[in-house]
Amino acid sequence: MLWYEVKKVFSKTSNKAGLVILAVMLAVVSYFAVIQVGYVDEDGNTKTGIKAARTLRDVKNQWAGYITEEVLVEVLEQNAAINASDEYQSKDVTENNKAYAKKQGLSDIRDMINRAFCGFREYDYYRADSVTTEEVKEFYNRRTLNLKEWLNSEEAKDQYTDLEKQFLVERYEELETPLYYEYADGWSALLEYGPSISMLLVLVTGFFVSGIFSNEFQLKADSIFFSAKYGRDKAVAAKVGAGYFIITFLYWTVMLLYSAIVIGILGTDGAECAIQAGFGGWKSFYHITYFENYLLMMFGGYIGSLFILTCSMLVSAKTHSTVLSVAIPFILLFLPSFLSGFSVLSDILGILPDQLLQMNMVVKYFNLYQIGKSVVGAVPVVMVLYFVLSVAAVPVLYGIYKK
Amino acid sequence: MELKLTDLTKKFGDFTAVDHMNLTMTEGVYGLLGVNGAGKTTLMRMLCTLLLPTSGSITCDGKDIFKMDGEYRNLLGYLPQDFGFYPEFTVSDYLLYIAAIKGMRPAAARKRVRELLPKVGLDKAANKKMKKLSGGMKRRAGIAQAMLNDPKILILDEPTAGLDPNERIRFRNLISELSEERLVLLSTHIVSDIEYIANEIWLMKDGKLVQNGTVDEIINSMPESVWICTVEKKMADDMMKKHKISNLKSDAKGAELRIISAKKPLPNAQRVPASLEDVFLYYFGGKADEENVVV
């Protein structure tokens, strides 16, 4: 039965077209993720691709290791030396690029220095150029100090409760330092484009699963279905099973292929680095590695897909309308964007299901929830909440269609 | 096998589609005859557990069919009036899928499909997609799916609707062939569909059973006689207003009328034996328009 339910879905011409769209989408997003990582050669030309990624990895991995005071001082010294070079001082862009070619190995650590010595909500690319070797010793302390200053600022002082502020400071202080650094551009690119592919995947999968529960009614095949021996139990269970099988199969196939392509080309290095050891994750209060962030993205995305598409199937089962059902993923994914302008909704927006499809961003946000006297970030809340809801929806879906 | 309807009623709001029906069916072919809207489909959908009665009960060998659940549906084969299918499935896939939801094991299902396809004349179309079949072929695929589980109760709702005369005759013969040792309930508003194959005919009107019995019993139940006479064409309209006319045939000499009347309508009228069509018109005369009565 399950096999025929799945066959029903994949035999539809529109769904065959959906598979082609998924393949094209996978190719396009993977391409953009791969060209995200560029290596600037000695002549100042930017190159992308496997060879460029490998070269960049070698260059950056010259700085691989714990970011200690000595390393930071060395970065500042080399940075200053390059800044003093003719290429850097030149007004010719190509010459400047040649200077950058020498800097790109240390660029990640340099960016972290920029982050540490700017205000919490500021970024100045040239800040590292003016940090002294004495100042840089405060590198890790500055991270926590910036947070404390910001939490006491006009912008943030009423945004969080004292308990939440205490939670954030404690989390910052708990970060194990010195941070370990190595080339992790492959993971960065993978994580950056992950939400694009998982969102597109949910939208396309919506077309696949939306008809599972409504087709019988649209095709007027419901009478035969429900008057059959298993029409009110096993055949309904097969439909539910087919829905989850299709969601699971498409999600993991596309996401694992995407991961394999991007990581295969850009390299697996940096998996064990903390996300704070990079430009994007410096301010995150989640103490996780790039690989753990990747797992969060994959499993969060899966739970998000399950929940959103379960909602779609519920609408299909209840209303017998494929059109309404197809609209559900669009509503759940795009409505939060329209509502983001309302600051009063920020707490709710932080735990809407679309967040699960962009876990790489969620780990950077300061969305906090107080449960009793405990404060937690949005990540565990959305993961647990939507997993439980998705599981709880299974018998509801079965019951609705059975009726 | 005994299917018993006791005081069966189905209401949709204020409208009563089936009104306190009491019937008992055993093996044999039952022809349910009535105009559109008489409640035939509602009755059949209740018999297939697709609709719950408002009141009353349906029992199968003394057990409530709604409580029997899958056990009852295992005995059932149903071909609905609006027969839907999966357009991208081949005939073979379609039948195997229905066999699966009927609880048949794959090997038994494949064997049964191989048996049934030649019976319904679709053996050469087994690998053809359902959407490519003609109307008659789809109906035959429909009867094949109903027969997959070798049902003890076969319910066919307007199975010949939309078929051309050849297909109708072929389909009628097929039903007759498949009707042995089972209870077949066949609904139609096409009198000739059931005249030759039904052991018992039920006439249904406004949700109620107005008459039931064998073809002869039904014909004999009509208290009026059937007359044939030829009149001038200009008189035909006048006669149609005064009498129930079951047939009118015009030619150069005038109009030959088949009149249902208790008394001799005209001096030149000749009494002829009544047919089931005449009875149908007698009982459903008020509603019997061209759309509803196909003879």
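The values are calculated or read from the model by the stated rules, or taken from the named source; none is laboratory data. Because the structure is predicted, anything quoted here is derived from the model rather than measured. All Cβ positions, glycine included, derive from the backbone under ideal geometry; neighbour counts span all protein chains shown. We work out accessible area using only protein heavy atoms, side chains counted, and drop any ligands, DNA or RNA first. Shrake-Rupley method; radii C 1.70, N 1.55, O 1.52, S 1.80 Å.
Some points to look at:
- The set of residues in the range A:1-57 that are closer than 30 Å to A:ASP86 by Cα and aromatic (Phe, Trp, Tyr) contains only A:TYR39.
- Residue in the range A:25-43 that is within 30 Å of A:GLN218 (Cα to Cα), of a type outside the set (D, E, K, R) and out of contact with any strand residue (DSSP E or B) (no Cβ under 9 Å at 6 or more places or on another chain) present: yes
- Residue among A:LEU106, A:LEU175, A:LEU190, A:LEU163 that is touching a Phe, Trp or Tyr at 6+ places or on another chain (Cβ under 7 Å) and under 30 Å from A:PHE299 (Cα atoms): A:LEU190
- Selection count, the range B:154-189, where residues are open to solvent by 10 Å² or more (accessible area, probe 1.4 Å) and not in a helix (DSSP H, G or I): 9
- Screening the range B:26-132 for strands (runs of 3 or more DSSP E) wholly inside it with 3 or more residues that are more than 14 Å from chain A (Cβ to nearest Cβ) and under 27 Å from B:PHE280 (Cβ atoms) returns the ranges B:28-33.
- B:LEU209 vs. criteria part of a strand (DSSP E or B), closer than 22 Å to B:LEU3 by Cβ, in contact (Cβ under 8 Å) with a residue 24 or more places away in the chain and open to solvent by less than 10 Å² (accessible area, probe 1.4 Å): no
- Single residue of the range A:8-22 satisfying the filter (closer than 30 Å to B:MET104 by Cβ and surrounded by 17 or more Cβ atoms within 10 Å (Cβ to Cβ)) that is nearest to the chain's Cα centre (by Cα): A:ASN15
- Within the range A:344-361, considering residues that are hydrophobic (A, V, I, L, M, F, W, C) and out of contact with any Leu (no Cβ under 8 Å at 6 or more places or on another chain), the one farthest from A:LEU190 (Cα to Cα): A:VAL344
- Residue list for the range A:7-58, filter: basic (Lys, Arg) and in contact (Cβ under 8 Å) with a residue 60 or more places away in the chain: A:LYS8, A:LYS12, A:ARG54, A:ARG57
- So A:LEU2, is it within 30 Å of A:ALA237 (Cα to Cα) and either in contact (Cβ under 8 Å) with a residue 40 or more places away in the chain or within 25 Å of the chain's Cα centre (by Cα) (or both): yes
- Taking the range B:40-57 as the range and being open to solvent by less than 40 Å² (accessible area, probe 1.4 Å) and either farther than 14 Å from B:SER187 by Cα or over 21 Å from the mean Cα position of the chain (by Cα) (or both) as the test, the residues that pass are B:THR49, B:LEU50, B:LEU51, B:PRO53, B:SER57.
- Residue match in the range A:91-104 (condition: touching a residue at least 12 places away in the same chain (Cβ under 8 Å), over 22 Å from A:GLY44 (Cα atoms), in a helix (DSSP H, G or I) and of a type in the set (A, V, I, L, M, F, W, C)): no
- Residue match in the range B:270-291 (condition: touching a Leu at 6+ places or on another chain (Cβ under 8 Å), under 30 Å from B:ARG170 (Cα atoms), part of a loop (DSSP other than H, G, I, E, B) and not assigned by TED's automatic domain parsing to the domain that holds B:ARG182): yes
- Checking each residue of the range A:264-272 against the condition of being surrounded by 24 or more Cβ atoms within 10 Å (Cβ to Cβ) and either within 17 Å of A:SER390 (Cα to Cα) or touching an Asp or Glu at 6+ places or on another chain (Cβ under 8 Å) (or both) gives at least one match.
- Note on the range A:61-81: among residues that are of a type in the set (A, V, I, L, M) and in a helix (DSSP H, G or I), the one that is surrounded by the fewest Cβ atoms within 10 Å (Cβ to Cβ) is A:ALA81.
- Total residues in the range A:348-359 satisfying the condition of being within 9 Å of the chain's Cα centre (by Cα) and under 24 Å from A:GLN166 (Cα atoms): the figure is 1.
- Qualifying residue in the range A:386-403 (condition: aromatic (Phe, Trp, Tyr), touching a strand residue (DSSP E or B) at 6+ places or on another chain (Cβ under 7 Å) and in the same structural domain as A:GLY231 (by TED's automatic domain parsing)): no
- Filter pass, A:SER30 being within 14 Å of chain B (Cβ to nearest Cβ), among the hydroxyl-bearing types (Ser, Thr, Tyr) and either assigned to a helix (DSSP H, G or I) or under 25 Å from the mean Cα position of the chain (by Cα) (or both): no
- Test for B:GLY37: is it surrounded by fewer than 19 Cβ atoms within 10 Å (Cβ to Cβ), out of contact with any strand residue (DSSP E or B) (no Cβ under 8 Å at 6 or more places or on another chain) and of a type in the set (Gly, Ala, Ser): yes
Results for (1) within 12 Å of chain B (Cβ to nearest Cβ); (2) in contact with a Leu (Cβ under 7 Å, 6 or more places away or on another chain); (3) closer than 29 Å to A:GLN36 by Cα, shown as yes or no for each residue.
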position	(1), (2), (3)
A:SER196	no, no, yes
A:VAL209	no, yes, no
A:LEU219	yes, no, no
A:LYS234	yes, no, no
A:TRP252	no, no, yes
A:LEU256	no, no, yes
A:GLY267	no, no, yes
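- The set of residues from the range B:212-236 being of a type outside the set (Lys, Arg) and open to solvent by 100 Å² or more (accessible area, probe 1.4 Å) comprises B:ASP216, B:GLU217, B:ASN220, B:GLU232.
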